[in-house]
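Enquirer: Please see the structure below; I have some questions.
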Amino acid sequence: LYYHDLELKPNLPSKVLMKVGERPFIVELTRGEQRTIAVLSCPFGDPDVHPGKVPYWKWPEWQKLFANIVRYAGHDL
């Protein structure tokens with residue numbers, strides 16, 4: 001409902017850190033000391049098409065998860 005659909009490039013050392021169902025939700029690419037994190041959420045979608053699905057920003061742990069993503073990207077975790 002609220003995700004970017006993507007296909008990981010096979011020639012990059014990407015790692016899926018978290019999935020939502022079978023879809024990647026958090027992806028990491030590390031090269032040397034640089035760590036890039038992609039969060040594949042988006043604010044688009046129609047809740048009426050998927051009743052009962054909670055948008056990620058209404059998930060109670062979203063703020064904590066996002067803070068930890070930023071800390072991890074900065075090598076603080």
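Enquirer: All but one of (1) modelled with pLDDT under 85; (2) out of contact with any Gly (no Cβ under 8 Å at 6 or more places or on another chain) hold for Pro55, so report the exception by its number.
Expert: Unmet condition: (2).
Enquirer: How about segment 60-77: which of its residues are over 18 Å from Lys15 (Cβ atoms) and assigned to a loop (DSSP other than H, G, I, E, B)?
Expert: Scanning segment 60-77 gives Pro60, Glu61, Asp76.
Enquirer: Within segment 22-59, can you find the residues that are outside any strand (DSSP E or B) and closer than 11 Å to Tyr3 by Cα?
Expert: Within segment 22-59, Leu40, Cys42, Pro43, Phe44, Gly45, Pro55, Tyr56 meet the criteria.
Enquirer: Just give me the residues in segment 1-27 being within 19 Å of Val70 (Cβ to Cβ) and either touching a Phe, Trp or Tyr at 6+ places or on another chain (Cβ under 8 Å) or aliphatic (A, V, I, L, M) (or both), in sequence order.
Expert: Those that are within 19 Å of Val70 (Cβ to Cβ) and either touching a Phe, Trp or Tyr at 6+ places or on another chain (Cβ under 8 Å) or aliphatic (A, V, I, L, M) (or both): Val16, Leu17, Met18, Phe25, Ile26, Val27.
Enquirer: Restricting to segment 18-37, name every residue that is without any contact (Cβ under 8 Å) to a residue 12 or more places away in the chain and of a type outside the set (Gly, Ala, Ser).
Expert: First, the residues of segment 18-37 that are without any contact (Cβ under 8 Å) to a residue 12 or more places away in the chain: 18-19, 21-22, 32, 34.
Scanning segment 18-37 gives Met18, Lys19, Glu22, Gln34.
Enquirer: Of the residues that sit in segment 35-55 and are out of contact with any Asp or Glu (no Cβ under 7 Å at 6 or more places or on another chain) and of a type in the set (A, V, I, L, M, F, W, C), which one is most open to solvent (accessible area, probe 1.4 Å)?
Expert: The residue in question is Phe44.
Enquirer: If you don't mind, there's one more thing I want to ask. May I ask you to list the residues in segment 16-47 that are among the hydroxyl-bearing types (Ser, Thr, Tyr) and under 17 Å from Leu77 (Cα atoms)?
Expert: The answer is Thr30, Thr36.
Enquirer: Would you please list the contacts, defined by Cβ atoms under 7 Å and residues six or more apart or on different chains, that run from a residue in segment 50-77 that is without any contact (Cβ under 8 Å) to a residue 40 or more places away in the chain to a residue that is acidic (Asp, Glu) and open to solvent by 80 Å² or more (accessible area, probe 1.4 Å)?
Expert: none
The values are calculated or read from the model by the stated rules, or taken from the named source; none is laboratory data. Values in this document were obtained by computation on a predicted structure and should not be read as measured data. All Cβ positions, glycine included, derive from the backbone under ideal geometry; neighbour counts span all protein chains shown. These area figures cover heavy atoms from the full protein model, side chains too; ligands, DNA and RNA do not enter into them. Shrake-Rupley method; radii C 1.70, N 1.55, O 1.52, S 1.80 Å.
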